[in-house]
Amino acid sequence: MSEEIKPMDVESLKALVRTVPDFPKPGILFYDITTVLKDKTGFAKLIDMLAAHYLEHKIDLVLGIEARGFIFGPALAYRLNAGFVPVRKPASAWFWWMTCSPRSAQWKLPSSW
């Protein structure tokens with residue numbers, strides 16, 4: 001790892017996350033990350049901390065799984081000088097699909113690629 005992540009850095013990011021009790025129903029504690037996204041210093045620190053784990057490796061693509069992956073993935077890809085591929089559920093990606101076997105780690109791309 002290229003830089004050490006200090007516990008206080010993590011704690012300062014945790015402090016930016018808003019907690020909403022009893023949402024969406026009683027007994028659930030919802031963690032709202034939009035408060036991290038709107039804080040330019042906190043968002044940059046978060047991306048730098050995520051990237052720190054991979055800076056010493058050659059990363060070609062960052063795959064972002066829908067929702068949060070679509071938010072953080074492009075920023076992380078930019079920081080790592082890599083491309084970004086959004087990954088969606090098969091029913092959501094009507095225009096193309098791609099599958100990967102966890103055992104073989106070989107991608108099957110549609111013939112249109």
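Here, each number is a calculation from the coordinates, and none is a lab measurement. No experiment lies behind these values; they were computed from the predicted model shown. With ideal geometry, Cβ positions are generated from the backbone for all residues, glycine too; neighbour counts draw on all protein chains shown.
Residues of region 22-32 include none that is under 13 Å from the mean Cα position of the chain (by Cα), surrounded by 10 or more Cβ atoms within 10 Å (Cβ to Cβ) and of a type in the set (Phe, Trp, Tyr). Among the residues of region 31-66, those identified as farther than 24 Å from GLU11 by Cα and aliphatic (A, V, I, L, M) are ILE59, LEU61, VAL62, LEU63, ILE65.
Residues that are touching a residue at least 24 places away in the same chain (Cβ under 8 Å) and hydrophobic (A, V, I, L, M, F, W, C) within region 11-46 comprise LEU13, LEU16, ILE33, LEU37, PHE43, LEU46, listed in sequence order.
For region 38-45, the criterion of being surrounded by 15 or more Cβ atoms within 10 Å (Cβ to Cβ) and either in contact with a strand residue (DSSP E or B) (Cβ under 9 Å, 6 or more places away or on another chain) or closer than 22 Å to VAL85 by Cα (or both) is met by at least one residue.
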